[in-house]
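Throughout, read-outs are computed from the coordinates displayed, never taken from laboratory work. Everything numeric in this text was worked out from a predicted model, so none of it was measured. Every residue, glycine as well, gets a Cβ built from its backbone with ideal geometry; the counts of neighbours run over all protein chains shown.
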C-alpha cells in the first residue's frame, strides 16, 4: 500500500523494477538473443574472403573469438535478471563458456604460430595484443569471483564493485582488441563490435543499478 501511494498506480518505482528484473526474459527469448547476437560476428568472420586460404587453426580461432564477442555483450545483460539460483547459475555458466571461448581463441593462435603469438602477448607486442592479455586476466578474475563468491572474505558491496570493474575492463579491452585487430571483422564488423561493446557496457551499468535498487528497496 505504501509503495502504491508513493509511486502511483503505474508501478514504476524500484519495487516494480525489481519485480521486472526477477521476471526477466523467458528461456526462449534468451535463446533467441543468444542466436541473434552470435549470428552477426560469426557470419562476418566465416564468410570473409581472407579466411578461405587460411589454416584450420586460424578459422577455429576466429570463430571462437567471434562467439566470445557475442558472449561478452550478452553476459552483463544476463546479470540484470540473474536473481534466482537457476538464473545465477546460468550467468556463471555463460561466464565460464566465455572464458573457454577466449582460451580456445588464444590456443588456436598458438597452433598457427607459436613465436608470433608469444611475441604478441609480451610487453613488446602491439597495443591491441596487450589489450587482449589484460582483458583475459580481467575475465579470469571475473569468473573466479563468481565461482568463489560464497567463500571470499569480502563484503557484498565490495564484491560487486570489484566484479563490475573487472567485467567492464574485460569487455572494454576485449572489444577494443577486436576492433583494432586486422582480420575477418574489419569493415562492417567495426560498427558491429562497437555496438556490442556499448550494449555490454550498458548492461554492466544496468545490472549494477538494479542491484543497488534491490538493496535500497528490498
Along Cα→Cβ, 7 Å out, is where each label goes; now give me the distance between the ones at residue 32 and residue 194 in nm to one decimal. 2.9 nm
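Where does each of 108-116, 95-103 land if you order them by average Cβ count within 10 Å, highest first? The partial results should precede the final answer.
Working: 108-116: 15.0, 95-103: 18.6.
Listed from highest to lowest mean packing, they are 95-103, 108-116.
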Given the Cα-Cα distance of residue 134 and residue 116 and 0.36 nm per residue of separation, how much length would full extension add, in nm? 4.7 nm
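Find how much the distance from residue 93 to residue 154 grows on full extension, using 0.36 nm per residue of separation minus their present alpha carbon separation; answer in nm with one decimal. It would help to have the intermediate numbers written out before the result.
Numbers: separation 61, 0.36 × 61 = 21.96 nm, distance 2.20 nm.
This chain segment gains 19.8 nm when fully extended.
Considering all projection directions equally, how large on average is the shadow of the alpha-carbon convex hull of the range 105-150, in square nanometres? If you can, show how the numbers build up before the last one.
Values: hull surface 14.2 nm².
Reported value for the Cα convex hull: 3.6 nm².
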